[in-house]
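Report on the following structure.
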Amino acid sequence: MSETTRTETLGVRLARAIAAKDEAALRAVLAGVVADTLHAGYRFDLATPGGSFVAERQAYHRGTDVIEHLRVMCSGFRPR
């Protein structure tokens with residue numbers, strides 16, 4: 001599996017884990033490599049009983065067969 005494919009898979013899995021709890025729609029997935037670090041980003045819309053939100057997350061990770069280092073940043077759930 002290529003580095004980009006692994007990164008895309010990580011982004012989609014993270015988004016699905018969050019989206020499984022409420023009504024959500026994945027809007028964008030971005031994958032790439034920054035030197036020796038893989039990058040996955042995604043944006044999704046979320047509808048909950050408390051309202052409608054948009055969120056974006058970015059994940060940077062290193063490791064070949066397993067994730068050895070991971071940093072995740074989130075915009076937070078922003079009201080629509």
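The values are calculated or read from the model by the stated rules, or taken from the named source; none is laboratory data. The structure presented is a predicted model; accordingly, all values stated were derived computationally and were not measured. Ideal geometry is used to build each Cβ from the backbone, glycine not excepted, and the neighbour counts take in all protein chains shown.
Picking from Thr37, Thr64, which residue would you name as being of a type in the set (S, T, N, Q) and at pLDDT below 85?
Thr64
Test Arg43 against the stated conditions and say whether it is at pLDDT 90 or above and surrounded by 16 or more Cβ atoms within 10 Å (Cβ to Cβ).
Answer is yes for this residue.
If the requirement is being touching a residue at least 24 places away in the same chain (Cβ under 8 Å) and either of a type in the set (Ser, Thr, Tyr) or assigned to a strand (DSSP E or B) (or both), which of these qualifies: Ala24, Ala40?
Just one listed residue meets the conditions, Ala40.
Among the residues of segment 22-33 satisfying the criterion of being more than 16 Å from Thr64 (Cβ to Cβ) and among the aliphatic types (A, V, I, L, M), which is surrounded by the most Cβ atoms within 10 Å (Cβ to Cβ)? Steps first, answer last, please.
First pass over segment 22-33, keeping only residues more than 16 Å from Thr64 (Cβ to Cβ): 22-32.
In the following step, the residues that additionally are among the aliphatic types (A, V, I, L, M) were identified as 24-26, 28-31.
On the way: Ala24: 18, Ala25: 12, Leu26: 15, Ala28: 11, Val29: 16, Leu30: 14, Ala31: 20.
Looking at the filtered set, the residue picked out is Ala31.
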